[in-house]
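Take a look at the structure below.
What follows is calculated from the coordinates using simple rules that are stated; it is not laboratory data. A quick note: this is a predicted structure, and the numbers were derived from the prediction, not measured. When we count neighbours, we look across all protein chains shown, and the Cβ atoms used for this are built from the backbone with ideal geometry, even at glycine.
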Amino acid sequence: MILDFTRLRPRDAYGWMASTITPRPIAWVSTVSGDGRTNLAPFSFFQGVTSNPPTLMFVPVNTRDGSKKDTVRNIEAVPEFVVNLVSFELAEQMNASAAMLPYGESEFERFGVPAAPSERVRPPRVAAAPVAFECTLDRIVHLGEGPLAANVIFGRIQCAHVRDEVLGADGKVDPAKLDLIGRLGGESYVRTRERFDLKRPE
Ligand SMILES: Cc1cc2nc3c(=O)[nH]c(=O)nc-3n(C[C@H](O)[C@H](O)[C@H](O)COP(=O)(O)O)c2cc1C
């Protein structure tokens, strides 16, 4: 079959993209509002971009009524955020935090997610996250208009917290100990437990 994306409705295009571009890592993003109230939400349109300068991106799309999600409103007010990575152990809390709470109500408090202070940015981080990247806003690129239009958020990584437990004897990250989850389509996820290595060509 061939899908004509120029004719698909945005929701259907999203369904095909989300169920085929998989597995996706999950950025569990903490932000604060102008008056200091915390927010926490997951985003799987997420990637590292470059290490020179150290940069990552994630994409909160507009809601169905075309308005910006709380994460975007907060970053526009306070241009700093933390991208927390999600281990299997944190999956249920991460999923709960995707609930659409009224602006200003904290998912940290509502879902009992322990927070820890950050070093270089105002939003707190998720204390139990295996890795947390503290970022300052580089830029927001707006793509499209209205419902599901993208706010591509580029973050400059200032520092990262890496839990000692995820390191192997060689001091490097052990993927099995990291135990991150990835998102598939719909409500499905994968664990990063089945691994294979490939020697890179010269
Ligand atoms: C695993 C997972 C991944 C998600 N990825 C995205 C995403 O990439 N972009 C997006 O706009 N919403 C995504 N969502 C939905 C948001 O988390 C949800 O709309 C949330 O309420 C936004 O919170 P906020 O309004 O506090 O920013 C995802 C939800 C889950 C559970």
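Does S67 satisfy the criteria of being under 23 Å from E134 (Cβ atoms) and near the ligand (Cβ under 10 Å from one of its atoms)? No. I'm checking my understanding of the structure. Among residues of the stretch 80-121 that are aliphatic (A, V, I, L, M) and farther than 20 Å from F46 by Cβ, which one is nearest to the ligand (Cβ to nearest atom)? Per the stated criteria, the residue is L101. Against the test of being of a type outside the set (S, T, N, Q) and surrounded by fewer than 20 Cβ atoms within 10 Å (Cβ to Cβ), the options A27, A98 yield a single qualifying residue, A98. Against the test of being touching a residue at least 12 places away in the same chain (Cβ under 8 Å) and part of a loop (DSSP other than H, G, I, E, B), the options E202, E187, E119 yield a single qualifying residue, E119. Does the stretch 1-27 hold any residues that are out of contact with any helix residue (DSSP H, G or I) (no Cβ under 9 Å at 6 or more places or on another chain) and charged (D, E, K, R), and which are they? Hits for the stretch 1-27 are D4, R7, R9, R11, D12. For beta carbons closer than 7 Å, sequence separation of 6+ or different chains, a first residue in the stretch 7-35 that is among the β-branched types (V, I, T) and a second that is part of a helix (DSSP H, G or I), the qualifying pairs are I26/M94; V29/T71; T31/T71; T31/N74; T31/I75; V32/N74. Looking at E119, E187, just one residue is closer than 15 Å to F88 by Cα, surrounded by fewer than 16 Cβ atoms within 10 Å (Cβ to Cβ), out of contact with any His (no Cβ under 7 Å at 6 or more places or on another chain) and not small (G, A, S), and that residue is E187.
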